[in-house]
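Heads up: the structure comes next, in structure tokens.
The values are calculated or read from the model by the stated rules, or taken from the named source; none is laboratory data. Since the model is a prediction, treat every value here as computed from it, not as a measurement. Positions of Cβ are generated from backbone atoms using ideal geometry, with glycine treated the same way; all protein chains shown enter the neighbour counts. The area values use the complete protein model at the heavy-atom level, side chains included, leaving out ligands, DNA and RNA. Shrake-Rupley method; radii C 1.70, N 1.55, O 1.52, S 1.80 Å.
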Amino acid sequence: MRSPIPDFLDETLERHRHDRSGAMADYIPDLAAADPNKLAISISTLDGVLYDSGDSDFEFSIQSMSKPFIYGIALEALGIPAVLDKVGVEPTGEAFNELSLDKTSGKPLNPMINAGAITIHSLLGGQNATLAERTEIVRAGLSRFAGRQLRVDEHIAAGEWQQAYRNIAIANMLRSYDVITDDPDEVVQGYINQCSVLVSVRDLAMMAATLAGGGVNPITGERVLSPRVNRQVLGVMMTCGMYDAAGDWMTEVGVPAKSGVSGGLFGVLPGQVGIATYSPKLDKHGTSVRGAKIFRSLSADLGLHIMNAPEPARSIIRRDRRFVDAKGDMVRIVSLQGLIQWSGAENVMREIASPDDAIDVFALDLRRVYSINEVARRMIVEALRRLGEEGKQVVLLDPENSMGCSGPASALPGVEILESPKQLRNLDLRGLRRVRDDFADQVS
């Protein structure tokens, strides 16, 4: 069967193809000469499957869409506190190229405006890093997000440098406040090289999916960003990524996103998907006109708004059984399923904590659980530990080690931890024969 997703993307592009509104970015020669008819979309799943339509292999300069990724690279290299000391995280409500700094601290308000992005670029490689060193850090870093080797288009960079008066002014202002300490011209040249890295919408969708997957590239499996840094990047994208249109974008479209004056636009739906579009005519905010309209359509048609409340999930408690074994002990087996986060763990703890003094043996079956986050894991471990302190015999069936309790450093001393259902046949625990038989019945 042919998947309907490519057909849906084709139909979405055709719906907006004839919109000719907007204007080219005429202050950069190569962007002014771009083909205004180019149009593309690409979607990447978290396991690396790409769906695309239109001119999806056409390459264009990444421009400001590089900002979130380079921000993440700087955060990983220097640590969040050190970067926050140089660049804030507050929305400005101003255009991307405003000459504005925080009136109290003198530092840029966020890393998505040019003042903040230039400052972030100046941090790469440490103080006194050369132009070539910073450019290579950028190129290699963006390549890790894309899952392939990217390159800087020197022709685009040269043309942009000839018109870089405003960015040079911003850099000199930053130098006057000691926000940057290196030569302003060289920092701007490096930032322009950063903006001149070539990507396609397929690359951008994969880069977005890396952020959507918590910092792990779907193709290479490489962890590009730590979970904490990835969260920081997405948080800033959500509030600042679309500049002076950020509030309207998040309330209407509801997808953390970043635009670039080349006509690219990418969005991240955490835990689900990365999306990218390309169309070079821009609105007054410097965002692709057709790209923004496509995102609005996708948000409405596919229910992608991040604030949409999910439908109630099935209970994570799949089965809860009690019986008396051959020895006369009361046994309780609780089988869980699905994804367990705080609310699900609270449900489990509530059930475990309910008064049940007659229970002698408590068994927790996690074979149908595919993910437990760290908070839920700690909650359930503590609940099982307390059951043990109350004198209950506790058995944990956890073949995938979802709880991280197997091995010599077990967080649950005294708990019988089974990593495979086959081990049940070799159990030699008095009074657990009925438990073993019940588990074996489920396995078969």
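Number of residues in region 20-52 that are farther than 25 Å from residue 238 by Cα and open to solvent by 10 Å² or more (accessible area, probe 1.4 Å) equals 16. Taken across region 247-261, residues that are of a type outside the set (A, V, I, L, M), in contact with a Ser or Thr (Cβ under 8 Å, 6 or more places away or on another chain), at positive phi and modelled with pLDDT of 95 or more do not occur at all. Restricting region 149-177 to residues that are free of Cβ contacts under 8 Å to residues at least 24 places away in the same chain and of a type outside the set (A, V, I, L, M) leaves a set whose member that is most open to solvent (accessible area, probe 1.4 Å) is 165.
Taking the listed residues 254, 260, the one that is closer than 18 Å to residue 98 by Cα and open to solvent by less than 10 Å² (accessible area, probe 1.4 Å) is 260, with no other qualifying. Being outside any helix (DSSP H, G or I) and under 29 Å from the mean Cα position of the chain (by Cα) holds for only one residue in 198, 204, and it is 198.
Looking only at residues in region 371-406 that are within 28 Å of the chain's Cα centre (by Cα) and part of a helix (DSSP H, G or I), the one that is surrounded by the fewest Cβ atoms within 10 Å (Cβ to Cβ) is 374. Residue count for region 182-195 satisfying the condition of being part of a helix (DSSP H, G or I) and surrounded by fewer than 19 Cβ atoms within 10 Å (Cβ to Cβ): 2. When the test is whether a residue is buried (at least 17 other Cβ atoms within 10 Å of the Cβ) and of a type outside the set (Lys, Arg), residue 62 passes it.
For region 84-91, the criterion of a residue being touching a Phe, Trp or Tyr at 6+ places or on another chain (Cβ under 9 Å) and open to solvent by 50 Å² or more (accessible area, probe 1.4 Å) is satisfied by at least one position.
Can you spot a residue in region 263-271 that is touching a Ser or Thr at 6+ places or on another chain (Cβ under 7 Å) and without any contact (Cβ under 8 Å) to a residue 24 or more places away in the chain? Looking for residues that are touching a Ser or Thr at 6+ places or on another chain (Cβ under 7 Å) and without any contact (Cβ under 8 Å) to a residue 24 or more places away in the chain, one finds none in region 263-271, hence no.
Listed by position, the strands (runs of 3 or more DSSP E) contained in region 266-366 that have at least 3 residues being in the same structural domain as residue 383 (by the TED database) are 317-324, 330-340.
Of all residues in region 109-140, exactly one satisfies the criterion of being open to solvent by 30 Å² or more (accessible area, probe 1.4 Å) and in contact with a Pro (Cβ under 8 Å, 6 or more places away or on another chain), namely 109.
With respect to the stated conditions, residue 179 is assigned to a loop (DSSP other than H, G, I, E, B) and outside the structural domain of residue 371 (by the TED database).
For region 126-160, a residue qualifies if it is small (Gly, Ala, Ser) and within 24 Å of the chain's Cα centre (by Cα), and the qualifying residues are 140, 141, 143, 146, 147.
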